[in-house]
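Below is one structure, written out as structure tokens, with a few remarks after it.
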């Protein structure tokens, strides 16, 4: 019986492998990069999208009366907010009102507004095409807003990162935006991944390792400890956005392991942030806080930017490059070294 | 087991290993025209598609030089932020390119650059990508398997009216901020400065630099064509530095760096002296001319 059905079973396994494995590999591919889940709305395209109140002549059915006035003409500002300066209040005459319909205020400047969450009181840096375009300080609720204008219409790659209260830098959150000339694009839902640090670089098997970092206050942190089997621990951050877990390493095998974390709040979720490695062995070794200088910082100015790129470009495919420039230590400066630098970029 | 089923199974079994041959990334050449006439211009674009985040790509675009000539290379609006090797026609043939995108990019249809070709001979022109490499944004520069899709253009005998592929770009390059730096690993620890402007239209063509200490006679300093990094002539950093980014349509954007160490009053003595000498010379010449005119 089994012998008779074996060919059919093998046939089905083959078909399923063709269909399912590529799907599985796609799912894996989608989850590896640090992709931003952001919402982009365009102020100036005539469509009212959250958080816009209006857009051009489209008032979304609102009027002066719906805004608490008794009459007048409601219009829309260049920031896609209601302009009630021509609305009137008080009982004056019959006021049949007439005419009008919200005037269109031409949107001349091309700009992008960024709204998101980082860490309470942290400095948030915005990169436009890999160069610093703006910085701001997040509020105590970790929310931030930035606005850049004077752009041309075209495709931009924007990135944001932040530093927590210990000076630990987040991963770079990157999102492409196509900007239309004469409009304002509103980007909402930017949610920077939590920072993460461990208190030990090596931990004796059976002891605990502290995994901690910072995110948005009252957010749910999911900490992944990657071993043969992946362990997940959840923790709610305190009012300063800090989280800490003491992970019992008795469940881990001797050897190298990794941990990473992500945050969730009100249905919004970050990608996993930086990956931290630690060793489960026979002794405890205290881990220093991550250095401010990092890989790719060739001139040791605590940042990875166009200066470092230029130093590496000078040595591109030249013989005997300095060890500090040859990031992967293969004796030459080639595309791989630039890729490593691009990963650690700070602008 | 019947022979038919055995054959089907034998054919399907290799597909169990399909995942190792699945390309997660693709680099391709797009052309709106499959057939052109001699003298006609057409655009081919290099496009990258990837499911995983990439941050570095390189390659060589090869074409038959007896059939096609390069009229223009456009990298405005490119997904690449910094070119290690800006796409340019090489003397050995082809267009070599290499660049990075800090933070990475994914998703379909990422524009890298475009080439405006002019057909100059009859035949089938294969425009191909060779020696292509794409690296993941993973901190280790892991190679991403890349499938390559080339394009074939058929060139037919044409009419005398060559059709141009023109691009209207009146917007100047975007604001940019040059940075002065020095590093013991390059230029013998001399001061240099770096710059990179973006242009969303036709792309940056070149940069020009001017250094001067005295604003009054800045017209005497010449604009010099420059590439980043640029070694400063004034290593005392007392000069004002002006950088001009010029796009492929001739639009300009100027960025200025103020002198790090502004001139002291006594630094102006030589220039004041020269001005006084020039003034005295003018007065003397004027007097001589005036006396000659007197009866």
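The values are calculated or read from the model by the stated rules, or taken from the named source; none is laboratory data. The model shown is predicted, which means the values in this text are computed figures rather than measured ones. Cβ: placed from backbone, ideal geometry, glycine included. Neighbour counts: every protein chain shown.
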TODO: Kindly provide the set of residues from the stretch A:135-168 that are within 14 Å of chain B (Cβ to nearest Cβ) and on the phi > 0 side of the Ramachandran plot, ordered by number.
DONE: A:150, A:154
Task: Qualifying strands (runs of 3 or more DSSP E) (wholly inside the stretch B:181-295; at least 2 residues being touching a helix residue (DSSP H, G or I) at 6+ places or on another chain (Cβ under 8 Å) and surrounded by 10 or more Cβ atoms within 10 Å (Cβ to Cβ)) - done: B:191-194, B:204-212
Task: Residues that are within 9 Å of chain A (Cβ to nearest Cβ) and part of a loop (DSSP other than H, G, I, E, B), drawn from the stretch B:115-137 - done: B:137
- [ ] Can you tell me which residue within the stretch A:301-331, out of those that are more than 7 Å from chain B (Cβ to nearest Cβ), buried (at least 17 other Cβ atoms within 10 Å of the Cβ) and more than 28 Å from the chain's Cα centre (by Cα), is farthest from residue B:57 (Cα to Cα)?
- [x] A:321
Open item on the list: Here is a check on your reading of the model: is residue B:80 at the interface with chain A (Cβ under 10 Å from one of its Cβ atoms), in contact (Cβ under 8 Å) with a residue 24 or more places away in the chain, in contact with a strand residue (DSSP E or B) (Cβ under 9 Å, 6 or more places away or on another chain) and part of a strand (DSSP E or B)?
Closed with: no
Task: The one condition in (1) more than 8 Å from chain A (Cβ to nearest Cβ); (2) within 30 Å of residue A:304 (Cβ to Cβ); (3) surrounded by fewer than 16 Cβ atoms within 10 Å (Cβ to Cβ) that residue B:140 fails to fulfil - done: (1)
Open item on the list: Could you tell me how many of the residues in the stretch A:143-188 are over 23 Å from residue B:251 (Cβ atoms) and either in contact (Cβ under 8 Å) with a residue 24 or more places away in the chain or crowded, with 22+ Cβ neighbours inside 10 Å (or both)?
Closed with: 28
Task: Subset of the stretch A:289-300 (residues that are in contact (Cβ under 8 Å) with a residue 12 or more places away in the chain and more than 9 Å from every other protein chain (Cβ to nearest Cβ)) - done: A:289, A:290, A:292, A:294, A:296, A:297
- [ ] Kindly indicate whether residue A:280 is in contact with a helix residue (DSSP H, G or I) (Cβ under 8 Å, 6 or more places away or on another chain) and either within 14 Å of another protein chain (Cβ to nearest Cβ) or part of a helix (DSSP H, G or I) (or both).
- [x] no
Open item on the list: So if I check each of A:17, A:31, which one is surrounded by fewer than 17 Cβ atoms within 10 Å (Cβ to Cβ) and either modelled with pLDDT under 55 or farther than 30 Å from residue A:261 by Cα (or both)?
Closed with: A:31
TODO: Go through the residues of the stretch B:60-70 one by one and say whether even a single one is in contact with a helix residue (DSSP H, G or I) (Cβ under 9 Å, 6 or more places away or on another chain), in the same structural domain as residue B:156 (by TED's automatic domain parsing) and modelled with pLDDT under 95.
DONE: no
Open item on the list: Going residue by residue through the stretch A:315-329, is there one that turns out to be at pLDDT below 95 and outside any loop (DSSP other than H, G, I, E, B)?
Closed with: no
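Only one residue in A:247, A:272, A:212 is touching a strand residue (DSSP E or B) at 6+ places or on another chain (Cβ under 8 Å), at pLDDT below 95 and either surrounded by 14 or more Cβ atoms within 10 Å (Cβ to Cβ) or part of a strand (DSSP E or B) (or both), so which one is that?
The unique qualifying residue is A:272.
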Task: Failed criterion for residue A:334 (all others in (1) away from every other protein chain (no Cβ under 13 Å); (2) at pLDDT 95 or above hold) - done: (1)
TODO: Report, by residue number, each residue of the stretch B:20-76 that is assigned to a loop (DSSP other than H, G, I, E, B) and either under 11 Å from residue B:112 (Cβ atoms) or more than 14 Å from chain A (Cβ to nearest Cβ) (or both).
DONE: B:32, B:33, B:34, B:38, B:39, B:40, B:63, B:64, B:65, B:66, B:67, B:75
Open item on the list: Looking at residue A:237 and the list (1) more than 26 Å from the chain's Cα centre (by Cα); (2) away from chain B (no Cβ under 11 Å), which single condition is not satisfied?
Closed with: (1)
